[in-house]
C-alpha cells in the first residue's frame, strides 16, 4: 500500500520528522515500510510565471520568444511549445534549476536535468517552461495537463509562487508491507492511527457530519443479499441532482500521490473514501440499475460478467478449480517415513494421540471463536450500530457537495 506523508499528517497534525525517521520508527513499531520516494526529487528553482508577450523567433519558424513575469523579474524564454498564449500561468524553471526528466515522458535520469541560461538559434533564453512530464509526473495523474506542450495553471495561481508546491509534489510516498493480521492498516486512517501512537502525537480523524433528508431509500432502490455468509451486510445510499465534474484540486493531488488516477468527482469520491477508511465502494448510475434492484450473490458456473475493463470474466467449473493438497494423507506419509527410519511404534502411537488431542483442542477453540464472532455480529445488527459504515457513507456524501441526499440505508 502506498500513502503520501502529507495525508498522514492531515490526521496527525503534530507529526514532524524526516522521511528516514518516519520509515525507521514505523517499521520498529510493527508497520513495516518497504521504502519511500520523494515526489519532488530533482525539482529545483521552479516557480509560477505568467506570459506577458509572445513574438516569433527571427531565425526559426517553429520557435517562439516569450516574456515571462516570475514575480520578482521578467525573463525571456525561447520555446517550441505552441499551446501557450499571453496571460497563461506556467511552471518555469530558472537558470541553474533542475527538472526531473524530458518532455517525452521517458525514463527519468538519476540526477535529473540541469537547466542553464543560453541561446537558442541566436536568441537568449533565461529558463524553461515545463510540461508535466518534465516535472516527473504524467497525464494519468494530472489529467488536466495537455497531451503535448506546457502545463498551464488555473487563473488563480499566484505569480512567483512555488510551482512544485502548487502541484502537490513537495511530498513523500511511503510503501508499506501490510500483513494479513493488520487489515486495519489497509487505510490512511489506520496508518495515521499507528503513526500517532508511534510518535506519541494526538490523532485527529475527520469529523463526520450527517447529511440527507427524510425520504426512504427503499422508494428508490432495493438491496437483496442472497449469500449472507459471504456478505453479511450491503448498504446503499442515494444521491440526487448531482453534477458530474472534476474533483477539487486537493482531492486529485492526494489520489495522485497514492497512485490512483483522478477521473471525475463521483469516481474520485469513492476512491478517496476507500483509501481513507479501507472500505471498497462503488457509485452506480441509478437509472442504469435494472429494476432499481441490487442483488448480492455468488456467480454461477459459466456466467460471464463485464467489469470496468473490456474483458469478460466468468466462474470456472468446479472440476477445473485447483484442489488443496490432502493434509491427512501428508501426515500419514510422514508417519510412514518416520517408521521407515526406525522410530518405535509406541512413540509413533503416542505422537499420533497427542496430535489428535491437539487437533481436537484447536477445533474446539475455532468453534468457540466462530460462535463468539456470530454473537458479536448478532449483537451489532440487533443494536442497529452502524457507526463505522454510517461514518463511511456520510463521509462520502459529505464530499459530493450540493444536491439532495437520501440519508437512510438500504441493507440486505
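Each value in this text was obtained by applying a stated rule to the coordinates, not by laboratory testing. All values reported here derive from a predicted model rather than from experimental measurement. Note that we place each Cβ from the backbone using ideal geometry, even for glycine, and neighbour counts take in every protein chain shown.
General remarks:
- Residue-span extension gain [residue 216 to residue 203] - 0.36 nm each, minus C-alpha spacing: 1.1 nm
- Euclidean distance of C-alpha centroids, the range 204-259 and the range 60-74, integer Å: 47 Å
- Extension gain from residue 19 to residue 240, taking 0.36 nm per residue of separation minus the Cα-Cα distance: 75.2 nm
- Between the beta carbons of residue 54 and residue 183, assuming R0 = 45 Å, the FRET efficiency works out to 0.20 to the nearest 0.05.
- Global geometry of the range 103-154, whether rounded, prolate or oblate, following the gyration tensor of its Cα atoms and the 1.5 cut on a/c: oblate
- In this simple spin-label model, placing a label point 7 Å from the Cα along the Cα-to-Cβ direction at both residue 98 and residue 289 gives a separation of 5.2 nm.
- Per-residue extension of 0.36 nm, minus the Cα-Cα distance of residue 34 and residue 113, leaves a gain of 25.7 nm for this segment.
- Packing-based exposure ordering (other Cβ within 10 Å, fewest first) of 225, 90, 84: 225, 84, 90
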